[in-house]
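J.: A single structure is presented below for examination.
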Amino acid sequence: MKTRGFFGKMATVAATFAAGALALSGCAGGGAGGASNSDSGAAASNGGKVKVGVAMPTQTSERWIADGNAVKEGLEAAGYEVDLQFANDDIPTQTQQIDQMITNGATILVIASIDGTALSSQLDTAGSKNIPVIAYDRLIRDNENVDFYVSFDNFKVGVAQGNALLFGLGLTDKDGKKLDNAPKGPLNIELFAGSPDDNNAKFFFDGAMSVLKPYLDDGTLVVKSGQTSFDQVAILRWQQEVAQKRMEDLLTSTYGGGSEPLAGVLSPFDGISRGIITALQGAGYGPAIKDGLPIVTGQDAEIASTKMIADGIQQSTIFKDTRTLAAQAVTVIKAMAEGKQPEANDTTTYNNGVKVVPSYLLEVETIYADNLKEKLIDSGYFTQADVDAGVVKK
């Protein structure tokens, strides 16, 4: 009978790992204590080698390219076989890719989902075959066959975005402490959120609103459009063009086409930020913050936005170091391959609708013009030439 549950999956993966070790040492298989039944079948199908299927959502965002490559390189350096696929933000493509990974003998799956509710069939198949599933950066919802989650602390990402906006508006210092000489307001702001089918987007928005709400309640900040709910401000698939169009519509309907004051915009992602900034500049704000461009936040430290921060156009971004996230995913996979429970530092927050998924959450950094060099260039994430050009030099 096939073993079930997390430790049953770990037994299957460990059997594959052990079969590979036996093959390398020239030992014969079988006998007491050897892999048996379904476990030995899994090992045999992979030639005794742990094979990891890595499903990333798209290549249209540079951060997902960096994530995918970093995971692949880390796993290959550890001796695992890797099948890396990008789905170009198309849900049927991603489901087909994961189906194929399972058919081709994946021992473990790492999935950064496009839609966290659209993979039930694939997860059920993985569960039936004792294939562990790691949700990568985006929680996969409504299925019990999600074994682990690696991400950043997404609520804290939102808090950092809200604090960056308050700091940019002169209301607080960088740590969120209210300034004695802060402007009394009212200061007009507008709100944007991420894709409603991405579980992280609501965490980002809720985190930001947790620090903005007191200033909205006392009238220091005003959302002049009245659009303050997540559903009203969400941008499907995080699309830059959709964000630009929404900002243009807001400027026309609420800000006299650019003649009315607008102090800042909460943006959850650098691509959305660039769309917002294009709309603002087109309406006559700016061209830079020193010239009256509203404060615009961001996330992911994309190179185009990093240059805009250096140039005083975008105020900030949240740096989620893909190197550390990929390394943590590799650490989790290594533990699974050895039949161990991966270390979690959060076992309460991330309920996917069926279960609380054990998680490992990483810290983030807020990037401004004055710490960009230290955090992004001196750390080796970008070069000065990358930032100067606004593109990553190969």
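J.: Toward the positive end of the charge dipole of the chain, about the Cα centre and with charges on Cβ (Lys, Arg +1; Asp, Glu -1), which of A310, F203, Y350 goes farthest?
T.: Selected residue: Y350.
J.: Moving to a separate point now. List, in order, the whole-Hz ³J(HN,Hα) value for each residue of segment 269-279 obtained from phi through the Karplus relation with A = 6.51, B = -1.76, C = 1.60 and θ = phi - 60°; use x for Gly and Pro.
T.: Using θ = phi - 60°, the values come out as 7, 4, x, 4, 4, 5, x, 4, 5, 4, 5 Hz.
J.: Distances over 19 Å make up what percent of all Cα-Cα pairs in segment 84-216?
T.: Numbers: 5046 of 8778 pairs.
Summing the P(r) of segment 84-216 above 19 Å gives 57 percent of all pairs.
J.: What are the semi-axes of the equivalent ellipsoid for segment 310-389, taken as the square roots of 5 times the Cα gyration tensor eigenvalues, largest first, in whole Å? Working shown, then result.
T.: Numbers: eigenvalues 225, 54, 15 Å².
Each semi-axis is √(5λ); the values are 34, 16, 9 Å.
J.: Right, next: What does DSSP give for the chain in terms of the percent of beta bridges that are antiparallel, rounded to the nearest 5?
T.: Details: 6 of 35 bridges.
Taking every DSSP beta bridge with both residues in the chain, the antiparallel ones total about 15 percent.
J.: Right, something else. Would you please put 210-221, 164-175 in order of how densely packed they are, using the mean number of other Cβ atoms within 10 angstrom per residue and starting with the highest? Intermediate values should be presented prior to the final figure.
T.: On the way: 210-221: 16.1, 164-175: 20.0.
Peptide ranking by packing, descending: 164-175, 210-221.
J.: Skip the ligands, DNA and RNA, and give the accessible area per residue of the chain with a 1.4 Å probe, whole Å².
T.: Numbers: 15880 Å² over 394 residues.
In whole numbers, the chain has 40 Å² accessible per residue.
J.: If you roll a 1.4 Å probe over segment 80-211 with all protein chains in place, what percent of the accessible area is carbon or sulfur? Could you put the intermediate results ahead of the total?
T.: Numbers: 2020 of 4410 Å².
Reported share for carbon and sulfur atoms: 46 percent.
J.: For segment 203-260, take N as its residue count and report Rg(C-alpha) divided by 2.2 N^0.38 Å.
T.: Values: Rg = 12.8 Å, N = 58, 2.2 N^0.38 = 10.3 Å.
Its radius of gyration relative to the 2.2 N^0.38 Å reference: 1.24.
J.: Principal axes first, then extents: for the Cα atoms of segment 63-144, list largest minus smallest coordinate on each axis, whole Å, largest first.
T.: Largest to smallest, the principal-axis extents are 32, 27, 19 Å.
J.: Taking a ≥ b ≥ c as the square roots of the eigenvalues of the Cα gyration tensor of segment 238-311, is the shape rounded (a/c under 1.5), prolate (a/b larger than b/c) or oblate?
T.: Working: a/c = 2.17, a/b = 1.34, b/c = 1.62.
Cα axes put segment 238-311 in the oblate bin.
J.: I'd like the carbon and sulfur percentage of the solvent accessible area for segment 269-394, probe radius 1.4 Å, heavy atoms only, ligands and nucleic acids excluded.
T.: Values: 2560 of 5020 Å².
Taking all protein chains in place, segment 269-394 shows 51 percent carbon and sulfur surface.
J.: When only C-alpha pairs under 8 Å and at least 6 residues apart count, what is the relative contact order of the chain, in percent?
T.: Values: 795 pairs, mean separation 61.5, N = 394.
The value is 16 percent.
J.: Hey, can you grab everything whose amide H is under 5 Å from the amide H of L84? Only 5+ residues off in sequence or another chain; H modelled, so Pro and N-termini drop out.
T.: The answer is V54.
J.: Could I ask something else about it? Which value, in debye to the nearest 20, gives the size of the charge dipole of segment 80-152 about its Cα centre, when Lys and Arg are +1 and Asp and Glu are -1 at the Cβ?
T.: 100 debye
J.: How do the peptides 332-340, 372-380 rank, highest first, by the average count of neighbouring beta carbon atoms within 10 Å per residue?
T.: The peptides rank, most packed first, as 332-340, 372-380.
J.: Here's a follow-up. If you average the alpha carbon positions of segment 168-234 and of segment 278-309, how far apart do those two centres end up, in angstrom?
T.: Here the two parts' Cα centres lie 17 Å apart.
J.: Using bins 10 angstrom wide from zero, how does P(r) for segment 159-316 break down, in % of all Cα pairs?
T.: The percentages, shortest bin first, are 12, 45, 38, 6, 0.
J.: Let me ask something else about it. Using helices alone, I'd like the mean residue ellipticity at 222 nm for the chain: each DSSP H run of four-plus residues gives -39500 (n - 2.57), total over residue count, nearest 500. Show your work: numbers first, answer last.
T.: Numbers: 13 runs with 164 residues, N = 394.
So the helix-based figure for the chain works out to -13000 deg cm²/dmol.
J.: Any idea what angle helix 5-25 forms with the longest principal axis of the chain, computed on alpha-carbon atoms, 0 to 90 degrees, nearest 10?
T.: Result, in degrees: 60.
J.: Moving to a separate point now. Which entries of K72/K307; K177/K373; K49/K129; K290/K393 show an alpha-carbon separation above 18 angstrom in the structure shown? Please list the in-between numbers first.
T.: Values: K72/K307 28 Å; K177/K373 25 Å; K49/K129 16 Å; K290/K393 29 Å.
Beyond 18 Å between Cα atoms: K72/K307; K177/K373; K290/K393.
J.: So for the chain, considering every pair of alpha-carbon atoms, how many percent are separated by more than 38 Å? Please report the intermediate quantities before stating the final value.
T.: Details: 20203 of 77421 pairs.
For the chain, the fraction of Cα-Cα distances above 38 Å is 26 percent.
J.: Magnitude of the Cβ-charge dipole of segment 288-369, K/R +1 and D/E -1, about the Cα centre, nearest 20 debye? Mind dumping the intermediate values first?
T.: On the way: 7 positive and 10 negative charges, 40 e Å.
For this selection, approximately 180 debye.
The values are calculated or read from the model by the stated rules, or taken from the named source; none is laboratory data. Here the structure is a predicted model, which means the values were calculated and not measured. No Cβ is skipped: glycine too gets one built from the backbone with ideal geometry, and neighbour counts run over all protein chains shown. SASA here: full protein model, heavy atoms, side chains in, ligands and nucleic acids out. Shrake-Rupley method; radii C 1.70, N 1.55, O 1.52, S 1.80 Å.
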